[in-house]
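Only one structure is covered here, and it is reproduced in the block below.
What follows is calculated from the coordinates using simple rules that are stated; it is not laboratory data. In this text the structure is predicted, and so the values were computed from the model without any measurement. Here the Cβ positions follow ideal geometry from the backbone for every residue, glycine too, while neighbour counts run over all protein chains shown.
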Amino acid sequence: MSEPKYKRILLKLSGEALLGDADYGIDPKVLKRLAEEVEALVERGVEVALVIGGGNIFRGAGLAATGMDRVSADHMGMLATVMNALALQDALERQGVFTRVMSAIKINQVCEDYIRRRAIRHLEKKRVVILAAGTGNPFFTTDSAASLRAVEIGADIMLKATKVDGVYSADPVKDGGATRYRRLTYDEVLDRRLSVMDATAIVMCRDQNMPIVVFDITRPGGLAQVVDGADVGTLVER
Ligand code: UDP
């Protein structure tokens, strides 16, 4: 088998990626498939850090819209990502993959605190590091956390998992003529307001020159193809 193109990756999974056909919570079948795909990468020697969202359980903005204090709502959102991280850890360990959950907010009896040097050490030991609680601060998103952590741990690439194969010129579901962008610059994403990630996350990647691939995680085998450098998804770079 060929050498993977990327040796250390930061994979951003939204909470929605765990939903499957449900509209709330976690689908164990989806979790198992994701765990198998990550396991296959680890077996090939790829160092994998995961940032998981919480949108399948709580989003701060949604709770705040009901009248809740935004900071409390964001704390709930961050705690939701910890739950997802524990579910992913369980699924990966049942596949025989060694993992560590590291949280940006202290929940020491449940998981480790995020400490950059320890995270890198875990990766070097081929443990999958699951980064929970976003940045640890309200008013941010897990996309921003993913870009920050990707830079901190020296990832070769940040992989943004979505339900479509990359970024399109229009909504491919509504417009049959929509075409996939194979490559975009950070500024094109920002100027055209393309829905890749929020602007904070894109700016972080741009300023630190962290390339991003947006790809379809729902297609089995898609993750491995991206790591092999296949022409799938959309590459965002300088
Ligand atoms: N969140 C936060 N700070 C962070 C990351 C996340 O406050 O650094 C909260 C925020 O309320 C957010 C929720 O956690 O809505 C879940 O994260 P996100 O919406 O990014 O999850 P995803 O959309 O990826 O599932």
Nonlocal amide H pairs with I130, under 5 Å, H built at 1.01 Å: L50, R100, V101, M102
Theoretical ellipticity at 222 nm over the chain - DSSP helices of four or more residues, -39500 (n - 2.57) apiece, nearest 500: -11000 deg cm²/dmol
Cβ-derived FRET efficiency at R0 35 Å, N108 paired with Q208, nearest 0.05: 0.75
³J(HN,Hα), Karplus 6.51/-1.76/1.60, whole Hz, each residue of the stretch 153-158, x for Gly, Pro: 8, x, 5, 6, 7, 10
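L190: net charge of surrounding residues, Cβ under 11 Å, Lys/Arg +1, Asp/Glu -1, itself excluded? Show your work: numbers first, answer last.
On the way: positive: R192, R193, R206; negative: D187, E188, D191, D198.
Combined, the nearby Lys, Arg, Asp and Glu give -1.
What dipole magnitude, in Debye to the nearest 20, does the chain give about its Cα centre under +1 on Lys/Arg Cβ and -1 on Asp/Glu Cβ? Don't skip to the answer; put the middle values down first.
Working: 32 positive and 32 negative charges, 105 e Å.
The calculation lands at about 500 debye.
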Pairwise centroid distance, computed over Cα atoms, of the stretch 185-238 with the stretch 130-146, Å: 18 Å
Neighbour-count ranking [beta-carbon atoms within 10 angstrom, fewest first] of K125, K7: K125, K7
Estimated FRET transfer efficiency (R238, E3; beta-carbon r; R0 25 Å; 0.05): 0.55
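Any of K32/K160; K12/K32; K12/K163; K5/K32 with alpha carbons more than 22 Å apart? Name them for me. Mind showing how you got there, number by number?
Values: K32/K160 19 Å; K12/K32 17 Å; K12/K163 13 Å; K5/K32 25 Å.
Flagged as over cut-off: K5/K32.
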Spin-label pair A65/R121, simplified geometry with 7 Å Cα→Cβ offset, distance in nm: 4.4 nm
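Sorting S144, S169 on the 10 Å Cβ count, fewest up front, what's the list? Write out the running numbers ahead of the final one.
Working: S144 23, S169 13.
In order of increasing Cβ crowding within 10 Å: S169, S144.
Quick test of the membrane-span-like rule: which DSSP H helices of the chain reach at least 30 Å along their long axis (C-alpha atoms) with mean Kyte hydropathy at least -1.0?
Numbers: long enough: 70-94 (36 Å, 0.27).
Within the chain the helices that satisfy the rule are 70-94.
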Calculated FRET value between R180 and E16, using beta carbons and R₀ = 25 Å, to 0.05: 0.75
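Which value results for Rg/Rh of the stretch 8-237 when Rg is the Cα radius of gyration and Rh the Kirkwood radius based on the inverse mean 1/r?
On the way: Rg = 16.6 Å, Rh = 17.6 Å.
So for the stretch 8-237, dividing Rg by the Kirkwood Rh gives 0.94.
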